[in-house]
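> A single structure is presented below for examination.
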Amino acid sequence: MKKIILVLTLLAVLTMPVMALAQISTSPPTINTDLEGLGEKIVSAVWIVFTVIVIIMFVIAGILFLTAQGNPEKVSLARMAFLWGVVGVVVGILAYTMITVVTSIF
């Protein structure tokens, strides 16, 4: 139960900057039929979600390091969590780079 509360609190704290930067538009919504603009909006939204997930992953790895208390098994688990976080960052950056290269070619 305490773990769920910790995760929910952490999630709430990490999403606060995103909610604080939300803006209310007074102009009527426009429908964009441009395929390139739609693609850019989708990539932008996915990039934001990716960034939030990466931050959460590194915070969880840090918490695992702090709670390991020198236990070799827990330290190994924390290192693996950190390693997979780094791998996720590299894969995300490569994916974004490939999208950018493909859109610049076409």
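> Evaluate the distance, in nm, between pseudo-label points positioned 7 Å from the Cα of ALA68 and of LEU94 along their respective Cα→Cβ axes.
Calculated label separation equals 2.5 nm.
> How far apart, in nm, are two points set 7 Å out from the Cα along the Cα-to-Cβ line at TRP47 and at LEU11?
If labels sit at TRP47 and LEU11, their model points lie 2.6 nm apart.
Bear in mind that the values in this text are calculations on the coordinates, not laboratory data. Because the structure is a prediction, the values reported are computed rather than measured. Cβ sites come from the backbone with ideal geometry, for glycine too, and all protein chains shown count toward neighbours.
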